[in-house]
2 protein chains.
Amino acid sequence: MLSTMQDVPLTVARILAHGSRVHGRTQVTTWTGTGEPHRRSFEDVGVRSARLAHALHGLGVREGEPVATLMWNNAEHLEAYLAVPSMGAVLHTLNLRLPPEQLAWIMRHAGDRVVVVNGSLLPLLAPLLPHLDDVEHVIVSGPGDRSALADVRPQVHDYEELLAAQPADPYPWPELDERQAAALCYTSGTTGEPKGVAYSHRSVYLHAMEVNAAASFGLTPAQICLPVVPMFHVNAWGLPHAAFMAGAALLMPDRFLQPAPLADMIEAERPTVTAGVPTIWQGLLAELDARPRDVSSLHTVVSGGSACPPSLMKDFEERHGLRIVQAWGMTETSPLGSVAYPPPGLSPEEAWPYRITQGLLPASVEFRLAGPDGRFLPWDGTSAGELEVRGPWIAGAYYGGKDGEPFRPADKFSEDGWLRTGDIGTMSPDGYLTLTDRAKDVIKSGGEWISSCELENHLMAHPDVTEAAVIAVPDEKWGERPLATVVLRDGATAGWPELRSFLGERVARWQLPERWAPVPAVPKTSVGKFDKKVLRRQYAEGELKVTVVD
Amino acid sequence: MLSTMQDVPLTVARILAHGSRVHGRTQVTTWTGTGEPHRRSFEDVGVRSARLAHALHGLGVREGEPVATLMWNNAEHLEAYLAVPSMGAVLHTLNLRLPPEQLAWIMRHAGDRVVVVNGSLLPLLAPLLPHLDDVEHVIVSGPGDRSALADVRPQVHDYEELLAAQPADPYPWPELDERQAAALCYTSGTTGEPKGVAYSHRSVYLHAMEVNAAASFGLTPAQICLPVVPMFHVNAWGLPHAAFMAGAALLMPDRFLQPAPLADMIEAERPTVTAGVPTIWQGLLAELDARPRDVSSLHTVVSGGSACPPSLMKDFEERHGLRIVQAWGMTETSPLGSVAYPPPGLSPEEAWPYRITQGLLPASVEFRLAGPDGRFLPWDGTSAGELEVRGPWIAGAYYGGKDGEPFRPADKFSEDGWLRTGDIGTMSPDGYLTLTDRAKDVIKSGGEWISSCELENHLMAHPDVTEAAVIAVPDEKWGERPLATVVLRDGATAGWPELRSFLGERVARWQLPERWAPVPAVPKTSVGKFDKKVLRRQYAEGELKVTVVD
């Protein structure tokens, strides 16, 4: 039987039209450090997005073409988020924390001809331009020293002047197929070359609806959303599009991501929902401990990107009344994969084991666990396998293989099209995911698996430990054994034997590391995750000062 | 640029699989009157849905074919909601309040071969069977006198026996196109023949996501949802599918829709969210006034189907602490069109004017107002035109025209495919819809429009008035004038002149009715709306006792 429903595509243009008209008085506020915050209405964002589309069209941007942004979280980046996909082009967000050579590689791979850049980031972009033959136009937004652009080949435009020069007519937004690409984001490439995920209009739209579900981040016109997660990092976890869709106000931190200005802006602007990686919350916790601020407006603090140490969650809640909600996802999952709200009706003690999982599976996403032999494992809370994911906002390929077509490496996608996450974990019978390790970080010791993350979390709960990272090192007898690298707190008194017995009270004896090494800080990737590659290299090259404790 | 996302269809089978696995312990509770409520887990609903699909397949049901239900709100109806679309067939919900001849017309039009019926509704179905040549199988669920089925032509099955006879294997749910029909619902046909809307899997799925949005009904695992709105009425406003998707518990009233058992089940089962038509809430208010119950569990009471009298909203809130939220929709809009949450940060007095609108436009739905000359009107809060609607869960045609193809009557769909609602209204600049009348009920007096609903609402706020319906009657001088038909409360003391001056303090003088008539009750359609056709006929045939008051 034929359905009789209208065939209306799910596109970013619909989000833009809705937010700027129905929620026209809602505001996006951009923090400016010590000055007055900058405020702009969603209606004005709509008008300016149309002008940006006119301008990009005037520069020759056509449907299907990428437009790169090298920008902080601010109102102008939001305009690019809305205008570029709505005109049929593809928003290509550049990760400003990547090494310059990787950034250049990505821009060449995507074929970026136009870059919108914040003035403060010109010192990063300008030296790359001589190596980027494709780039024809650089559009500079906001303050910054533009002298480095004096002699470059591409045409340089000022964002505000460019917009002011456009016609005031509404832009003739094209009617797009919802399966066209809307946004392009590259993985940080911790292993091998960076890989691009091309989100579709459909995936962005459905993901925004899921973000706005009451069981997820629950954005409504009553919320003020502070995306601390950068807009170059998986579309700021979908929050800008979701907020514009729901009419939730946005508080944009711009480049002020340090703990002190974050605490200041929370106290001053009173956001209700925020999201970021655990290292951000670690820094904010220390800041609030040192100089308390009123952060009571926040009712939802989402932590994702890597596992949040349970001790951090407890400290935040006990000392500042802030409840951290863990969520799990990755570039390939848009990123919303699961959110760790506990089942209803539990006491705080009963709820705690659920809160420290990666979270509950939402309706549109499917999980399965592939065991070492490729068979799928039961959801019994103990069988650990590689997590595979399916759903309408989950990647099924990467952008631009050798022939320009999407490509599907066998270690990343199953034969039947599911995403292979490279994460090892378990599923509880009631749908909660617990990740125990990365497939590449798990320690394979005498035919058993030891989770590096579990050891790290226990170690970081010790008062003398600031950070800890555990890696697998070769061992003649066991194949691999764990090495614990530890950042000790200033004035720490505990030695390795004490830390080892502390751990011994929490995990099985055969899992206890024999090898211990102090490090000044755990090396991090561009998105703030532990970079164990570096530690493994340091160990291999004898750079770590290893003590053996039995 | 090609997107690299997985191509996963949005289907009811995904809702079934997710709810029964991830929220397997969540319960659907069916009220049984004086006995113990019947409780069934979502996991069991999943197992039984597979058995139902096996059974229907065994009876010859194939993809694209309708399966009719003539059932109350209960767990078995939920199983049909999930199993029938998931196997690729089409759930055809029959409105048990329709006149028998209309019911038979609809079943013949849809070509129903299989009917699932509650035993208590056999007195309605059995007499129709001799006139329904297509019906081959009748599946009876629950208690009821089955003797009337002794001599009928179709095969009769017992629902539980049929399920018990099926294999325990999971059903091989087919991979469906999301644009296939999932459910079929006919309008009540107050004008002309009933018209069928064939919802697609896509529209049902997206609508369920919208129901679960925080800005909408906000279903989560922490909620218990009581759909008082019947499951034969626009899929119970999408609540069963949405609750199963979100893992919200369901409280099903079965046939106990009278005020006293409703109040009892609310007190006993403590639902948090409920939805129904204003006449239900009117009845519940009187019941609670007479015999108070603890209804404090309810935080969201949605009223839709027709405008909720503001006096009812106020009385409920003042006397029982229950806040009614108006929502607007119709069979052709799935039905979620708008929900009247006020903007944030307003005092109760400031919020009130928003709460009595039909509500705020959600992101996936578009509205426009067509003026008398066909031009589209501004959203200025005063320009009134016919509401036209577009969106992915809005009908673009009706099911089964003369050639079996979808058909698009010009009075129901615009040339560019928008739904013409037949409702006259205004839009505020901030996206709130106010309906002033049905296009066919508006009173065209001397070149001006008088809203019948506005007069009715004011009249019903008078303490001596129980109900009031205003219709247009022919007038030599003005073309049309309003006639007020009024149900007076027992022991009322006010006469027509007093009611007319009461109205005169609230509307312009030229809008005041001269003609007044008492009625014992306002005639209602099968879904509880005022049936003004009947009043117009009664007036034309001189059956009303009209008094003229100047």
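The values are calculated or read from the model by the stated rules, or taken from the named source; none is laboratory data. Note that the coordinates shown come from a computational prediction; the quantities given were computed from them, not determined experimentally. Here the Cβ is made from the backbone with ideal geometry for all residues, glycine too, and neighbour counts use every protein chain on show. Quick note on the areas: whole protein, heavy atoms, side chains included, nothing else; ligands and nucleic acids left out. Shrake-Rupley method; radii C 1.70, N 1.55, O 1.52, S 1.80 Å.
When the accessible areas of B alone and A alone are added and the area of the pair subtracted, with a 1.4 Å probe, the result is around 5600 Å², both sides summed. Interface residues of the range A:194-234, defined as those losing at least 30 Å² of solvent-accessible heavy-atom surface relative to the isolated chain (probe radius 1.4 Å), are listed as A:198, A:202, A:205, A:206, A:209, A:214, A:215, A:220, A:221. For residue A:291, what charge total do you get from the other residues with a beta carbon under 11 Å from its beta carbon, if Lys and Arg give +1 and Asp and Glu give -1? Combined, the nearby Lys, Arg, Asp and Glu give -3. Here the label points at residue B:101 and residue A:439, each 7 Å from Cα along the C-beta direction, are separated by 6.8 nm in the simple model.
Overall dimensions of chain A, expressed as equivalent-ellipsoid semi-axes from the Cα gyration tensor (√(5λ), whole Å, largest first), are 39, 26, 25. For the range B:41-55, 3J(HN,Hα) computed residue by residue from phi via the Karplus equation (6.51, -1.76, 1.60; θ = phi - 60°) reads 7, 4, 4, 5, 4, x, 4, 6, 5, 5, 5, 4, 5, 4, 5 Hz, glycine and proline entered as x.
Beta-bridge orientation, chain B: approximately 55 percent antiparallel, per DSSP, counting only bridges with both partners inside.
If you count the DSSP beta bridges with both ends in the range A:216-344, what percent of them are antiparallel, to the nearest 5? About 15 percent, rounded to the nearest 5.
For the protein assembly as shown, the solvent-accessible area of protein heavy atoms averages 37 Å² per residue (probe radius 1.4 Å; ligands and nucleic acids excluded).
On the basis of the beta-carbon distance and an R0 of 56 Å, residue B:57 and residue A:506 show a calculated FRET efficiency of 0.60.
Going from the isolated chain to the complete set of protein chains, the range A:1-18 loses at least 20 Å² of heavy-atom accessible area (1.4 Å probe) at A:1, A:2, A:3, A:4, A:5, A:6, A:7, A:8, A:10, A:14, A:18. Candidate cross-link partners of residue A:529 among the lysines, defined by an alpha-carbon separation under 25 Å and a same-chain spacing of 8 or more, comprise A:195, A:314, A:412, A:440, A:444, A:545. Taken one residue at a time, the phi angles of the range B:468-477 give Karplus couplings (6.51, -1.76, 1.60, θ = phi - 60°) of 8, 10, 10, 10, 7, 10, x, 9, 4, 7 Hz. Gly and Pro are set to x.
Amide hydrogen proximity for residue A:5: with H placed 1.01 Å from N in the peptide plane, the residues at 5 or more positions away or on another chain lying under 5 Å are B:200, B:396. Percent antiparallel among DSSP beta bridges with both residues in the protein assembly as shown, to the nearest 5? Beta bridges within the protein assembly as shown, antiparallel portion: roughly 60 percent.
Taking the Cα-to-Cβ direction at residue B:268 and at residue A:411 and moving 7 Å from each Cα, how far apart do the two end points lie in nm? The modelled label-to-label distance comes out at 6.1 nm. Principal-axis analysis of the Cα atoms of chain B puts helix B:310-320 at an angle of about 70° to the longest axis.
One equal scatterer on each Cα of the range A:225-378, no solvent, Debye formula: the resulting log10 I(q)/I(0) at q = 0.11, 0.14, 0.16 Å⁻¹ is -0.46, -0.73, -0.93. Just to confirm the number: angle between the C-alpha axis of helix A:259-269 and the first principal axis of chain A, 0 to 90 degrees, nearest 10? Roughly 50 degrees between the two axes.
Near the amide H of residue B:178, within less than 5 Å, lie the amide hydrogens of B:10, all on another chain or at least 5 residues away, with H placed in the peptide plane. The charge dipole of the range B:197-318, taken about its Cα centre with unit charges on the Cβ of Lys, Arg, Asp and Glu (plus for the first two, minus for the last two), comes to roughly 380 debye. Contact with the other protein chains removes 10 Å² or more of accessible area, compared with the isolated chain and a 1.4 Å probe, from these residues of the range A:363-393: A:363, A:364, A:366, A:379, A:390, A:391, A:392. Backbone geometry of the range A:164-171 corresponds, through the Karplus equation with coefficients 6.51, -1.76 and 1.60 at θ = phi - 60°, to 3J(HN,Hα) couplings of 5, 7, 8, x, 7, 4, x, 7 Hz, x marking Gly and Pro.
Using alpha-carbon positions, what is the distance between the centroids of the range A:155-185 and the range B:485-550, in Å? That distance is 57 Å.
The listed residues A:175, A:269, A:498, once ranked by accessible area (1.4 Å probe) with the largest placed first, stand as A:175, A:498, A:269.
Three semi-axes describe the equivalent ellipsoid of the range B:361-439; taken as square roots of 5 times the Cα gyration tensor eigenvalues and ordered largest first, they are 25, 14, 9 Å. A cut-off of 5 Å between modelled amide H atoms, ignoring neighbours fewer than 5 places along the same chain, links residue B:139 with B:115, B:116, B:117, B:157. Averaging 1/r over every pair of different alpha carbons in the protein assembly as shown and inverting the result gives a Kirkwood radius of 31.6 Å. Peptides A:345-354, A:417-426, B:475-484, A:482-491, ordered by how many other C-beta atoms sit within 10 Å of their residues on average, highest first, read A:417-426, A:482-491, B:475-484, A:345-354.
So, with a 1.4 angstrom probe, what is the percent of accessible area on the protein assembly as shown that is carbon and sulfur? C and S atoms contribute 52 percent here.
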